[in-house]
Amino acid sequence: MTLAAGARLGPYEILAPLGAGGMGEVYRARDERLKRDVAIKVLPPTFSSDADRLRRFELEAQAAGGLNHPNITAVYDLGTHDGAPYVVQELLEGETLRAELAGGRFSPRKAIDYALQIAHGLSAAHDKGIVHRDLKPENVFVTKDGRVKILDFGLAKLTQVDAGSGPQTNLPTATAATEPGMVMGTLGYMSPEQIKGKPADPRSDIFSFGAILYEMLSGNRAFHADSAGETMAAILKEDPPDLSVTNQNISPGLERVVRHCIEKNPERRFHSAHDLAFDLEALSLSGAPATSSAGVSMAPRSRSKWMPIAAGLALLLGVALASFFAGRRTGPAGGVQNVQFAPLTYRTLPIFRALFAPDGRTVVLSQAREGNRSELFTLSPNYPEPRPLGVPDSQLLSVSSKGEIALLARARYIHHRVFTGTLARMPLGGGAPREVLEGVRDADWSPDGEGLAIIREVDGKDRLEYPIGKVLYATGGYLSDLRFSRAGDRIAFLEHPIRWDDRGGVAIVDLAGKKTSLVGGFWGIEGVAWTSDGREILFSAGPGYPSFEVHAVTPAGKHRIALPSAGGLTIFDVSREGRWLGARESLQYRIWCEAPGAKAQRDLSWLDLSRGEALSRDGRTILFSEFSGAVEGNYAVCIRGTDGSSVVRLGEGAAQDLSPDGAWALAVVPTSPNRVVLYPTGAGEPRRLDGGDVQDYSWGRFFPDGKRVLACGAQLGHATRCYVLDVAGGKPRVFTPEGTESGWVSPDGALVLVRGSRGEFQLYPASGGEPRGVSVLAADDLVAGWTADGRGVLTSNVSEVPGRLVRIDLATGRRELVHPLAPPDLAGVVKIYAAFTATDENVYAYTAIQRSADLFLVDGAR
């Protein structure tokens, strides 16, 4: 059936037809509830009577609806109209890959860009047990902003049998349309096993992927003949011409990737799309032409080893959770009188920000349903379940008085609730974000909804700008949580002296650039919101867990506790009616280690916030920092055996490294100025190294001789650089110029790999001399240390969940997987980092950050 403009399918109004295909007709429609346009695919009535087609259509909706990935078309809803089923999807603006290929072959850079995004989407689907089975240029869509989306899982097959489904038989089932013996897919892109009617697994998609990549690079189809029979014969028996024949710019490595994808024997192909993406990333980072995209992690550097202290943890004791939307509220027993809490979310997931819409009832929030990939959702009184706005990999920044959202597109997680990405703006009702500026971390609308104040980093310093480009305040620490006053004459923000440690305080700056610190010295501080009357600034802070409370401070500096709490509450927003929006958060840092001779990982955490720092050379002792509030404000430097033996607390501070003989632990104690300290791991007394006039040490590593330390920090008024400190005593010696922040000494002590403030790497001779650049390392590589032979380094990725420990040859750029980094339970894990090994790379450890939150509405607080 054909639907006319104005026809309604449930809550959706048809606007115009978009096209038709083998699986149904597609229309542009309007969802008035969320004020956004969507795409609706309707199975025609003639197809509805065909049980086979109907099953395939339903399978498409179920398969795609279970996926949540920026490179896969999002499915919002499923319904029926006059007996015909329909599926509601995100509306994409752009064109298919087939249309783009009409212009001829792509540059290797563009082809790798698109290929990486397709590989990431396939990997996400395959991880869920879903095989596409009909991958072709017509089923790949390129949006106007360069995002690649895989379309039409109409031929998808669930490869994993549901648990509890009982014994399997050969009897016909509802998936008969995808049983072996049936040839499905599209000629020219089908795998040999599909041609033969054999079962298709993820390697079939990889073959189709290879045919597409070949076509992007050459401009010609890999397998194409005058007849269907000849095309199938070519797939089964022939290889396409070498890519170098049609494109001289193809590197041998890229040619090998394509050939590896289109092997006739599936056993000889890449066994997973994850491995395929890994090889493509390695090519793009080792000299093969490639560009950054949504499919490539381009997160900023991790600047220091300081602990990211985050707010929120335990239960709100005595709070009876009742439905806000039903209007039932209760107050905390024994707490502040007349304060009432109501839950807004019912699944415990990481929530990074939540704000009121202009109506004061709708809530916009950003959260991660898996890992650390944040996206935007709305909560409304008539539908209490979070609904996606269709903007994956995005972080909410601000909602204007005019109903416009400021967000980060292609957001990459850093620490706490901090992301970096491209500032963009979009209507609250939906639509494609319009990009404004790259390299932004936070922003807030002015009260009139016209301008944006931002926080971004430039030349190693955080800057608060308003309007964009005019610097109101800059610092060498980091800034977060900026919020305009109700009158628009001042901006409140949080200032943290050490990256990415969330100690700090509250400050304001006026539009002329006059900055005033209001209150500080908090062990942890998160969240800023002005009260509804504009007289005070609310924030969440405390001296340690579990005592985070909501505080209030006036612009004159008068400070009070606004809401004491037996648990923790992170403040997000305050409506004009005075209602608070906040979250009860839980945060844990867990150390996972595979000890010598062990066959499984062991949890070596001590309290709730343990971060591993170094292993002894034999792998039998681990050095770690404990940041729990239970150890008080200056943290704790600890060691324990990797067999799980008792913890030995050495002293205060943040641990950095173990000496080569294991006799000393290097630490930085966060005082003013910071102190560099050596703690004996056995008998003996601590020793303080002479740090000179450096104020903010944040990094330390031993040289292999154990007689010197490479320490990085900043003098007052200067950017961070690295120094050499003699263990025997003496003033620090400058080793690198300003703008360098961390370094790793090679096993022979001859070279130091140094990371710059922009994420660039250089090799410095330890004896002095000019450095040379290291092009094979990328800004999002987290260096775990040198390999034992001194030829390469071990790295992980700043934003990957689960993570990977990778060996990189510094001469060739070759990347090789050493270990996957994944705890037994990935629920709520937003970051995996601080990986390191013993001399034996099979003995390794890393830290997993797990966080979750429950969103609440708070009434009656003052």
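The values are calculated or read from the model by the stated rules, or taken from the named source; none is laboratory data. The shown structure was predicted, so the numbers you read here are calculated from the model rather than taken from an experiment. So basically every Cβ, Gly included, is an ideal-geometry build from the backbone, and we count neighbours across all protein chains shown. Quick note on the areas: whole protein, heavy atoms, side chains included, nothing else; ligands and nucleic acids left out. Shrake-Rupley method; radii C 1.70, N 1.55, O 1.52, S 1.80 Å.
Considering (1) open to solvent by less than 20 Å² (accessible area, probe 1.4 Å); (2) assigned to a strand (DSSP E or B); (3) farther than 23 Å from GLU370 by Cα, the lone condition that GLU435 does not fulfil carries the number (1).
List the strands (runs of 3 or more DSSP E) inside region 620-682, counting only whole elements, that have at least 3 residues being touching a residue at least 40 places away in the same chain (Cβ under 8 Å).
On the way: elements: 621-626, 636-641, 648-651, 654-658, 664-669, 675-680.
In region 620-682, 621-626, 654-658, 664-669, 675-680 are the strands (runs of 3 or more DSSP E) which contain 3 or more residues that are touching a residue at least 40 places away in the same chain (Cβ under 8 Å).
Take region 634-671 and flag every residue that is within 21 Å of TRP699 (Cβ to Cβ) and not hydrophobic (A, V, I, L, M, F, W, C). Those that are within 21 Å of TRP699 (Cβ to Cβ) and not hydrophobic (A, V, I, L, M, F, W, C): ASN634, TYR635, GLY651, GLU652, GLY653, GLN656, ASP657, SER659, PRO660, GLY662, PRO670, THR671. Scanning region 476-499 for residues that are more than 20 Å from ALA406 (Cα to Cα), open to solvent by 20 Å² or more (accessible area, probe 1.4 Å) and not in a loop (DSSP other than H, G, I, E, B) yields a count of 1.
Say we look at region 237-251 and pick out the residues that are outside any loop (DSSP other than H, G, I, E, B) and open to solvent by 60 Å² or more (accessible area, probe 1.4 Å); which of these is modelled with the highest pLDDT? If you could, list the steps in order and put the result at the bottom.
Of all residues in region 237-251, those outside any loop (DSSP other than H, G, I, E, B) come to 237, 243-246.
Next, only the ones that are open to solvent by 60 Å² or more (accessible area, probe 1.4 Å) stay: 237, 245.
Values: LYS237: 90, VAL245: 69.
Out of the qualifying residues, it is LYS237.
You will find that of ALA827, ALA788, the residue that is within 30 Å of VAL363 (Cα to Cα) and surrounded by fewer than 18 Cβ atoms within 10 Å (Cβ to Cβ) is ALA827 and no other.
Screening region 603-613 for residues that are of a type outside the set (D, E, K, R) and either free of Cβ contacts under 8 Å to residues at least 40 places away in the same chain or touching a Phe, Trp or Tyr at 6+ places or on another chain (Cβ under 6 Å) (or both) and picking the one that is farthest from PHE836 (Cα to Cα) gives LEU607.
None of VAL798, VAL774 is free of Cβ contacts under 8 Å to residues at least 40 places away in the same chain, open to solvent by less than 50 Å² (accessible area, probe 1.4 Å) and more than 30 Å from ARG688 (Cβ to Cβ) except VAL774.
Here is a yes/no grid of residues against (1) under 23 Å from ASP781 (Cβ atoms); (2) part of a loop (DSSP other than H, G, I, E, B); (3) open to solvent by less than 60 Å² (accessible area, probe 1.4 Å):
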site: PRO704; (1), (2), (3): yes, yes, yes
site: ALA711; (1), (2), (3): yes, no, yes
site: GLY717; (1), (2), (3): no, yes, no
site: VAL724; (1), (2), (3): no, no, yes
site: ALA728; (1), (2), (3): no, yes, no
site: THR736; (1), (2), (3): yes, yes, yes
site: GLY743; (1), (2), (3): yes, no, yes
site: ASP748; (1), (2), (3): yes, yes, no
site: VAL754; (1), (2), (3): yes, no, yes
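Let me confirm something: among LEU254, LEU217, which residue is open to solvent by less than 40 Å² (accessible area, probe 1.4 Å), farther than 23 Å from ALA99 by Cβ and part of a helix (DSSP H, G or I)? One residue alone meets the criteria, LEU254. Please specify each residue of region 500-517 satisfying the condition of being open to solvent by less than 20 Å² (accessible area, probe 1.4 Å) and at pLDDT 95 or above. Answer for region 500-517, where residues must be open to solvent by less than 20 Å² (accessible area, probe 1.4 Å) and at pLDDT 95 or above: VAL506, ALA507, ILE508, VAL509.
Checked against (1) modelled with pLDDT of 95 or more; (2) open to solvent by 10 Å² or more (accessible area, probe 1.4 Å); (3) in contact with a strand residue (DSSP E or B) (Cβ under 7 Å, 6 or more places away or on another chain), PHE522 passes all but condition (1).
The residue list GLY568, GLY582, GLY578 contains one member that is in contact with a strand residue (DSSP E or B) (Cβ under 7 Å, 6 or more places away or on another chain), closer than 28 Å to ARG353 by Cβ and either of a type in the set (Ser, Thr, Tyr) or in a loop (DSSP other than H, G, I, E, B) (or both), which is GLY568. Among the residues making up region 102-138, a single one is touching a residue at least 24 places away in the same chain (Cβ under 8 Å), open to solvent by 20 Å² or more (accessible area, probe 1.4 Å) and among the hydrophobic types (A, V, I, L, M, F, W, C): ALA124.
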